[in-house]
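First up is the structure itself, then whatever we jot down about it.
The values are calculated or read from the model by the stated rules, or taken from the named source; none is laboratory data. In this text the structure is predicted, and so the values were computed from the model without any measurement. With ideal geometry, Cβ positions are generated from the backbone for all residues, glycine too; neighbour counts draw on all protein chains shown. Ligands, DNA and RNA are excluded from the accessible area calculation, which covers all protein heavy atoms including side chains. Shrake-Rupley method; radii C 1.70, N 1.55, O 1.52, S 1.80 Å.
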Amino acid sequence: MAQYDLTAKVAPYLDRHLVFPLLEFLQDKQLYADDQILKAKIELLAKTNMVDYAMDIHKSLYHTEDVPQEMVDRRVEVVGRLKLLEESAAPLISFLQNPALVQELRSDKQYNLQMLRDKYQIGTEQIEALYDYAKFQFECGNYSGASDYLYQYRTLCTNSDRSFSALWGKLAAEVLMQNWDVAVEELNRLKEIIDSKNFSSPLNQLQQRTWLMHWSLFIFFNHENGRNGIIDLFFSERYLNAIQTNAHHLLRYLATAAIVNKRRRNMLKDLIKVIQQEHYTYSDPITEFLECLYVNYDFEGAELKLRECEEVIVNDFFLGKQVQENGFLTIPLRDEFLENARLFIFETYCRIHQCIDIGMLSKKLNMKYDDAERWIVNLIRNARLDAKIDSKMGTVVMGTQHPNVYEQIIEKSKQLALRSYTLASNVAATAVAAEALTAR
């Protein structure tokens, strides 16, 4: 299943440190040769300050206790640089570590700068030194310290570009520490800045949105409300445009979130339109499953794709998270995906058939006969299905389903407000243009 691995497509949009968990996952799944993963790790570490970690990997890769002299020299350089940066930022760090002194700070940054300069001889040089020290700590793998220093730097910094960069660093640190609640807050702050900031070019803004969506995957597939969050973010017009322009592979994660999120099934129709539009650019078993089922009504194809979907989820870093339950390792998202996907197949099949053979249906759902019958019984019992089971004939007899008039009204009037607003805007623009022409 290495053919469906998205690491090579996702990694260019991630910070180097965020790529390490992906490589650890691939190594655990043995999708690639161990030596290949270790070489990739060393290549990543070459541009960080995690020299000790790089030395350990070099020893594992080449089965030796010796390390290249350049690694030894690099370690000496890193330690020396760390001491220099610590000395430069020491006055401000000492101030920030004293709760009594910190109380003197206010929300007015200009006041804080003047107060620090007049009373404690701390100027912009020391504040910028704190940023450099925090960034260096991050590159050394001290994410907790980096997060604290970057937060404190942003409370004092007046340089908007540096503050923006510090926010990216803090988000990365929170993700790597798996502080998902804090990470969501930082993600929302970044989104707000990206959407409101005047970038030098629209292309730069597009790239920032693309980076944000890739980083958000860590959060959305771990946070309790992440499945709503990913649909809200990825389906918003500007970000969906970024997916279709820069990152078609993100459709896998949007499709998965839509399938497992029962409350957002109304988004499926719009999602399938996007999948169809991008079919020739990107497809995988998950997007193809939806196409087979809702575009081609190919139930046999959907059945085959469902089996492949399970493999894709198990071998995907973001989707295949394992959880210990009752002494067993499970993959919750895989189980939810299969449950909902089977329900989609069943519901779609029921729309075009009145009497269905359970044996044939069990094959389409990729289930054993008894399990399929039990599953259908539970659907009927929970009032999710208007049907009866004929045990003698081994069939499911569907009840007559009349379209809900309220749902029809909602469907017809959907987007009505937006269309009315667009129409009114066009009429107003035409009237303004006509008046301007008359005035000439």
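So which residues in segment 30-48 are closer than 14 Å to Phe20 by Cβ and of a type in the set (S, T, N, Q)?
Of everything in segment 30-48, just one residue is closer than 14 Å to Phe20 by Cβ and of a type in the set (S, T, N, Q), namely Thr48.
Identify the residue in segment 221-236 that is among the charged types (D, E, K, R) and closer than 13 Å to Arg263 by Cβ and, among all such residues, is modelled with the lowest pLDDT.
In this case the residue turns out to be Arg227.
Can you spot a residue in segment 322-331 that is modelled with pLDDT under 95, surrounded by fewer than 16 Cβ atoms within 10 Å (Cβ to Cβ), closer than 25 Å to Leu14 by Cα and of a type outside the set (Val, Ile, Thr)?
Within segment 322-331, one or more residues are modelled with pLDDT under 95, surrounded by fewer than 16 Cβ atoms within 10 Å (Cβ to Cβ), closer than 25 Å to Leu14 by Cα and of a type outside the set (Val, Ile, Thr).
Can you pull out the residues in segment 364-394 that are modelled with pLDDT of 80 or more and either out of contact with any strand residue (DSSP E or B) (no Cβ under 9 Å at 6 or more places or on another chain) or of a type in the set (Lys, Arg) (or both)?
Met367, Lys368, Tyr369, Asp370, Asp371, Ala372, Arg374, Trp375, Asn378, Lys388, Ser391, Lys392
Out of all the residues in segment 183-206, is one or more in contact with a Gly (Cβ under 8 Å, 6 or more places away or on another chain) and either surrounded by fewer than 17 Cβ atoms within 10 Å (Cβ to Cβ) or over 21 Å from Asp316 (Cβ atoms) (or both)?
Within segment 183-206, one or more residues are in contact with a Gly (Cβ under 8 Å, 6 or more places away or on another chain) and either surrounded by fewer than 17 Cβ atoms within 10 Å (Cβ to Cβ) or over 21 Å from Asp316 (Cβ atoms) (or both).
Quick check on my filter: what residues within segment 342-383 are under 23 Å from Ile259 (Cβ atoms), in a loop (DSSP other than H, G, I, E, B) and touching a residue at least 40 places away in the same chain (Cβ under 8 Å)?
Correct list: His353, Leu365, Asn366.
Any residue at all in segment 315-332 that's part of a helix (DSSP H, G or I), of a type in the set (Lys, Arg) and closer than 26 Å to Gln3 by Cα? Give the derivation first.
Filtering segment 315-332 down to residues part of a helix (DSSP H, G or I) leaves 332.
Adding the requirement that they be of a type in the set (Lys, Arg) leaves none.
Checked against the condition, which is being part of a helix (DSSP H, G or I), of a type in the set (Lys, Arg) and closer than 26 Å to Gln3 by Cα, segment 315-332 yields no hits at all.
If you take the residues in segment 1-48 that are charged (D, E, K, R) and assigned to a loop (DSSP other than H, G, I, E, B), which one is modelled with the lowest pLDDT?
First pass over segment 1-48, keeping only residues charged (D, E, K, R): 5, 9, 15-16, 24, 28-29, 34-35, 39, 41, 43, 47.
Filter again for assigned to a loop (DSSP other than H, G, I, E, B), leaving 5, 15, 47.
Numbers: Asp5: 94, Asp15: 96, Lys47: 87.
In this case the residue turns out to be Lys47.
Which residue pairs have Cβ atoms closer than 7 Å, lie 6 or more positions apart in sequence or on different chains, and pair a first residue in segment 253-267 that is among the aromatic types (Phe, Trp, Tyr) with a second residue that is open to solvent by 50 Å² or more (accessible area, probe 1.4 Å) and not in a helix (DSSP H, G or I)?
From segment 253-267, no pairs qualify.
Are any residues in segment 9-43 buried (at least 16 other Cβ atoms within 10 Å of the Cβ) and among the charged types (D, E, K, R), and if so, which ones?
Asp15, Arg16, Lys29, Lys41
Take Asn261 and tell me if it is closer than 15 Å to Phe234 by Cα, modelled with pLDDT of 90 or more and of a type in the set (S, T, N, Q).
Here the answer is yes, as Asn261 does meet what is asked.
Among the residues of segment 22-45, what is the count of those that are free of Cβ contacts under 8 Å to residues at least 12 places away in the same chain and closer than 19 Å to Leu176 by Cα?
3
For segment 85-101, give me each residue that is over 36 Å from the mean Cα position of the chain (by Cα) and surrounded by 10 or more Cβ atoms within 10 Å (Cβ to Cβ).
From segment 85-101, those over 36 Å from the mean Cα position of the chain (by Cα) are 87-88, 90-91, 94-95, 98-101; that's our starting set.
Passing the criteria: Glu87, Ser88, Ala90, Pro91, Ser94, Phe95, Asn98, Leu101.
Does any residue of segment 186-195 turn out to be of a type in the set (Val, Ile, Thr) and over 23 Å from Cys140 (Cα atoms)?
Looking for residues that are of a type in the set (Val, Ile, Thr) and over 23 Å from Cys140 (Cα atoms), one finds at least one in segment 186-195, hence yes.
Regarding Lys135, is this residue closer than 21 Å to Leu18 by Cα and in contact with a helix residue (DSSP H, G or I) (Cβ under 6 Å, 6 or more places away or on another chain)? Don't jump to the end; show me each part of the working.
Values: closer than 21 Å to Leu18 by Cα: yes; in contact with a helix residue (DSSP H, G or I) (Cβ under 6 Å, 6 or more places away or on another chain): no.
Taking the combined requirement at face value, the residue does not satisfy it.
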